[in-house]
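Engineer: Please see the structure below; I have some questions.
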Amino acid sequence: MLKVPESWLRKKATQQAIPCTFIGKHLRFSAADLVRIVQQGARRPVTGRAANGNE
């Protein structure tokens, strides 16, 4: 669903960088967790002018 490697999810979850719930050694993500992860990863598009520093 997130199209990221499981290793990335585990690393970020262990660092408490993304919302999740640990049940023992298992990770669980609620629908709200997934929405927040996507929002945290959102980036503004880069335009030709901004990329060239001509603003």
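Readers should treat all values here as calculations from the given coordinates under stated rules, not as data from a laboratory. Keep in mind that this is a model prediction, so the values were computed, not measured. Cβ sites come from the backbone with ideal geometry, for glycine too, and all protein chains shown count toward neighbours.
Engineer: Using the Karplus equation 6.51 cos²θ - 1.76 cosθ + 1.60 (θ = phi - 60°), what ³J(HN,Hα) coupling, rounded to whole Hz, does each residue of the range 24-35 give in order, writing x for Gly and Pro?
Structural biologist: x, 9, 8, 9, 10, 10, 7, 4, 5, 4, 4, 4
Engineer: What is the P(r) of the chain, as percent of Cα-Cα pairs per 10 Å bin from 0?
Structural biologist: Percent of Cα pairs in each bin: 20, 44, 16, 16, 5, 0.
Engineer: What is the order of Arg10, Arg43, fewest Cβ neighbours within 10 Å to most?
Structural biologist: Ranked by crowding around the Cβ, least crowded first: Arg43, Arg10.
Engineer: What spacing in nm lies between the two simple spin-label points modelled at Met1 and Arg43, each 7 Å away from Cα in the Cβ direction?
Structural biologist: Rounded to a tenth, the inter-label distance reads 2.4 nm.
Engineer: State to the nearest 20 debye the size of the charge dipole of the chain about its Cα centre, where the only charges are +1 on K and R beta carbons and -1 on D and E beta carbons.
Structural biologist: I would put it at about 100 debye.
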